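Notes for the one structure printed next.
Read the figures in this text as sums done on the coordinates, not as results from a lab. A quick note: this is a predicted structure, and the numbers were derived from the prediction, not measured. Note that each Cβ is placed from the backbone with ideal geometry, even for glycine, and that neighbours are counted across all protein chains shown.
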Amino acid sequence: MKTPIFSARLSLFLLTRRRRQGFSMLEVLVALFAAFFFLMGTMNAMVVAAVMQVKAERQAQGLYLIQQDLEAIRARAADPSLGATTMCTASTFSAGYGGALKTVVDAISKPTPQGLLSLPNKVYTLTRTTGGSDTNPSILTLSYTVSHPNDSEPIATLYTEVLPNVALSC
């Protein structure tokens, strides 16, 4: 007949012996799943970061292209022989300094984006829209967009207004 003390010692011995043998299959599987989900989250964050970096580089290149064109226009706006002195009292945009600058700007060719945005099989277009209003005929408004024909969202946009230097003497 077994004594209760002996049976308690035997079960304690078997229990500690089983723990010394290693991890159970369930413990290993839980650890593997935890590591898998942690790594998947980390990999997802790395992919998102890479996509955002490419998008930021394209946007910076597009803004650089816009800046090149805008600097050429500002150089033309600084020309003191842009228009006649009678343009100070103009009441319409086409008769003011803004209209004179628009005529000059529309003759300037836009920089080509093919060499700047060097992505394989992608050609981006620079769209420049000039305008003005009769409210202030000395100001030329410029709106830029750099986009890919197949993309719904442009990679770079800019709106600005240019006041010719000659208009400051009015």
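The packing ranking of peptides 155-163, 135-143, highest mean first, is 135-143, 155-163, where packing means the average number of other beta carbon atoms within 10 angstrom of each residue.
Length gained on full extension, Glu161 to Thr42: 38.3 nm, using 0.36 nm per residue less the C-alpha separation. Dipole magnitude for segment 21-78: computed about the Cα centre from +1 point charges on Lys and Arg Cβ and -1 point charges on Asp and Glu Cβ, it is near 280 debye. Structural size metrics of segment 32-169, computed from C-alpha coordinates, are Rg and Dmax of 21.7, 82 Å.
Considering only Ala60, Ala75, Thr85, the residue lying farthest towards the positive end of the dipole of segment 32-169 is Ala60, judged by Cα position with unit charges set on Cβ.
Would you mind calculating the gained length between Gln59 and Asp134 on full extension (0.36 nm times residue separation, minus the Cα-Cα distance), in nm to one decimal?
Between Gln59 and Asp134, full extension yields an extra 23.6 nm.
Exposure proxy ranking for Phe37, Phe93, based on other Cβ atoms within 10 angstrom of each Cβ and starting from the fewest, stands as Phe37, Phe93. Listed by Cβ neighbour count within 10 Å, with the fewest neighbours leading, Tyr97, Tyr64 appear as Tyr64, Tyr97.
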